[in-house]
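**Q** Just dropping this structure here.
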Amino acid sequence: MGALRRTLRLAWSLGAIAAPSSPQAQDSVSSKHAAANAPLFTADAPVTIAIATDLKAFVKNRDSTADYTPATLTIAGAASEGGDGSAPIEVGIKSRGHFRRQKSNCDFPPVLIKFRGHTKETVFAHQDKLKLVTPCKPGNADYQQYILQEYLLYRVYNTLTPFSFRVRLANVTYQDVKNEMKPIAVQAFLIENEDAMAARNGGTVLKAKNAHREDVDSALVNTLSMFEYLIANTDWSISGLHNVRLVRLPNVFGVTFPVPYDFDWSGAVNPRYARPDPQLPIRTVEDRLYRGYCMPPADLEKTIALFNQKRADINALYTTPALLEPQRAERTTKYYDDFYKIINDQHKLGQEIKRACVA
C-alpha cells in the first residue's frame, strides 16, 4: 500500500475528510467555493492594476517567511467588471517561489498578494491570496516573453482537463510610494488559488508526499505526464509534490488527482537561465524526456487520442490573439509539431516514450 494511501485511510478513520461541522469550517469551505466561481478567472481580457508600496524595500526583501509588505491595489476600469476602480484595495505583498525569488537570479521576485481590504463587487471578489507571476527582469524583452509563454502553457493544460490552474493576464504597474524608484510597468499573470481550483473540481487540496502509482488517478496522471512531455518539462514530481498539487474528492476514496504548475523551466519556454537536472540524460531543457508511468496500450491510445483531438485548440492559443512575438509563436508550434510526429509514429513512440516510461 502506498504511503499516500495510508495517509488517506488514516484521515478517513479520524474523520479528517468528513464534511466540516463547525461554523468556521463551513465559512471557509463557502469562501473557497465562492472563489472558485468568482469573476476573476472567467474572462480572458487582461485586468489592469496598479500596486503601490515601498517598492525599494519590497524588491530588497526576498525572505518568503517575512511579513507582508503593506500595499494598495487599484483596478483600472473596474467599473466595467462590476466595481469602482477609484477605490484602492488594501493588500499585503511578499516574495515567493524558489529560483526566481533569489536576487542572484532575478531583479524582481514573483509576488504573493494577500487581500485585506474590501473587494466586493470588484473582479477580485472572494479572493484571499493570489500568486502574481511577473517578469524576472523588468524591461528585458526576452524575460517579458517568458512570462507570456508560461501563461500560454497554463492555457494549454486548461484545454486538456479542468483539473488545472486557471490564469488571467494582468497589466501591472508597480508604484513606489516613497518616489525613490520609477514606476515599473509589466505584463504578468495571476494564478487561481489552489483551494479555489480544488473547490471548482469538487475537492480539497491534500499536501502529502510519497504518492505512488496506485494513489493517483491513472487517466489524469497519463494526461499530466504527456503534457509535461509535450512542453519538455522535467521539473516536476508527483511523489515529491514538486510543482504538483494533489486534489482529493469526497466521493473517491484512496485516489487523488494531480495538478501541475510552474512551467518556466520547460523547453517550450526555454529561458536562458534554465538547465536540466545533471542527473538526467539530456543536455538542454529543449530535449524531451518522458518521465511518466508506463501505460497499458489502451490507455496510451486514449491519451494520444486526447492530444490529437486538442491539437487545433492548442495551436490556436498561439495565434488568436497573438500574444507572443511572431517568431517565438512559430517556434513553439513547430516544437509541438515534433511532439505530434513522435506520438503518431509507432517506432518513434516506442523509442521516446515506451522505453523511457517508469514501470
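None of the figures in this text is laboratory data; all of them are computed from the coordinates on show. No experiment lies behind these values; they were computed from the predicted model shown. When we count neighbours, we look across all protein chains shown, and the Cβ atoms used for this are built from the backbone with ideal geometry, even at glycine.
**Q** Could you list which residues have their amide H under 5 Å from that of Cys294, counting only those 5 or more apart in sequence or on another chain, with H placed in the peptide plane?
**A** Val358, Ala359
**Q** Something else now. Along each of its three principal axes, how wide is the spread of alpha-carbon positions in the chain, in whole angstrom units, largest first?
**A** That gives 61, 55, 37 Å along the principal axes, largest extent first.
**Q** Would you mind counting up the charge near Glu325? Only other residues with Cβ under 10 Å from its Cβ, with Lys and Arg at +1 and Asp and Glu at -1.
**A** For residues surrounding Glu325, the net value is 0.
**Q** Can I ask one more? Let me check against my output: what whole-number percent is the relative contact order of the range 41-194, with C-alpha pairs under 8 Å and at least 6 apart?
**A** 26 percent
**Q** Using the Karplus curve 6.51 cos²θ - 1.76 cosθ + 1.60 with θ = phi - 60°, work out ³J(HN,Hα) for each residue of the range 60-77 in order, rounded to whole Hz, and write x for Gly and Pro.
**A** Karplus-based 3J(HN,Hα) across the range 60-77 equals 6, 8, 9, 7, 5, 8, 6, 5, 5, 7, x, 7, 10, 10, 10, 9, 7, x Hz.
**Q** Set the Förster radius R0 to 25 Å, insert the Cβ-Cβ distance between Arg283 and Ala316 as r into 1/(1 + (r/R0)^6), and round the FRET efficiency to 0.05.
**A** The formula returns an efficiency of 0.20 here.
**Q** Based on other C-beta atoms within 10 Å, arrange Met181, Met226 from fewest to most.
**A** Met181, Met226
**Q** Tell me, what HN-Hα J-couplings in whole Hz come from the Karplus equation 6.51 cos²θ - 1.76 cosθ + 1.60 at θ = phi - 60° for each residue of the range 218-233, using x for Gly and Pro?
**A** 5, 5, 6, 5, 5, 5, 4, 4, 5, 5, 4, 6, 4, 8, 6, 10
**Q** Please name which of Ile184, Gln351, Tyr157 has its Cα lying farthest along the dipole of the chain towards the positive end, using unit charges on Cβ (Lys, Arg +1; Asp, Glu -1) and the Cα centre as origin.
**A** Gln351
**Q** Continuing with the same structure: Report, by chain and number, residues whose modeled amide H sits under 5 Å from the one on Asn61, excluding near sequence neighbours (fewer than 5 apart, same chain).
**A** Under 5 Å from the amide H of Asn61 lies no amide H from a residue far enough along the sequence or on another chain.
**Q** Where Lys and Arg each count +1 and Asp and Glu each count -1, what net charge lies around Asp299 among other residues with Cβ under 14 Å from its Cβ?
**A** +1
**Q** I need the peptides 253-266, 320-333, 102-115 ranked by packing, meaning the mean over residues of other C-beta atoms within 10 angstrom, with the highest value on top.
**A** Put in order of decreasing packing, that is 253-266, 102-115, 320-333.
**Q** Which entries of Lys94/Lys178; Lys56/Lys120; Lys94/Lys137; Lys60/Lys131 show an alpha-carbon separation above 23 angstrom in the structure shown?
**A** The pairs that break the limit, which is 23 Å between Cα atoms, are Lys56/Lys120.
**Q** Moving to a separate point now. Would you mind calculating the gained length between Phe99 and Arg116 on full extension (0.36 nm times residue separation, minus the Cα-Cα distance), in nm to one decimal?
**A** Between Phe99 and Arg116, full extension yields an extra 3.4 nm.
**Q** Okay, moving on. Give me the number: length gained by fully extending Arg272 to Arg331, i.e. 0.36 nm times residue separation minus the C-alpha to C-alpha distance, one decimal in nm.
**A** Here the segment from Arg272 to Arg331 would lengthen by 19.7 nm.
**Q** Which FRET efficiency value, to the nearest 0.05, is calculated for Ala305 and Ala43 with the Förster distance at 30 angstrom and r the Cβ-Cβ distance?
**A** With R0 = 30 Å, the Cβ-Cβ based efficiency is 0.45.
**Q** What pairs in Lys114/Lys182; Lys209/Lys354; Lys103/Lys334; Lys103/Lys341 have C-alpha atoms more than 29 Å from each other?
**A** Distance filter (> 29 Å) returns Lys103/Lys334; Lys103/Lys341.
**Q** Please work out the FRET efficiency for the pair Ala298 and Phe253, using the Cβ-Cβ distance as r and a Förster radius of 30 Å; give the result to the nearest 0.05.
**A** 0.80
**Q** From Cα pairs below 8 angstrom and at least 6 apart in sequence, can you work out the relative contact order of the chain, rounded to a whole percent?
**A** Once normalised by length, the contact order is 15 percent.
**Q** With θ set to phi - 60°, apply the Karplus curve 6.51 cos²θ - 1.76 cosθ + 1.60 along the range 329-344 and write out the HN-Hα couplings as whole Hz, x wherever there is a Gly or Pro.
**A** For the range 329-344, the Karplus-derived couplings read 5, 5, 4, 5, 5, 5, 4, 5, 4, 4, 4, 5, 5, 6, 6, 9 Hz, x marking Gly and Pro.
**Q** Using 0.36 nm per residue, how much length does the chain from Asp338 to His242 gain when fully extended, once their Cα-Cα distance is taken away?
**A** Using 0.36 nm per residue and subtracting the Cα-Cα distance, I get 31.9 nm.
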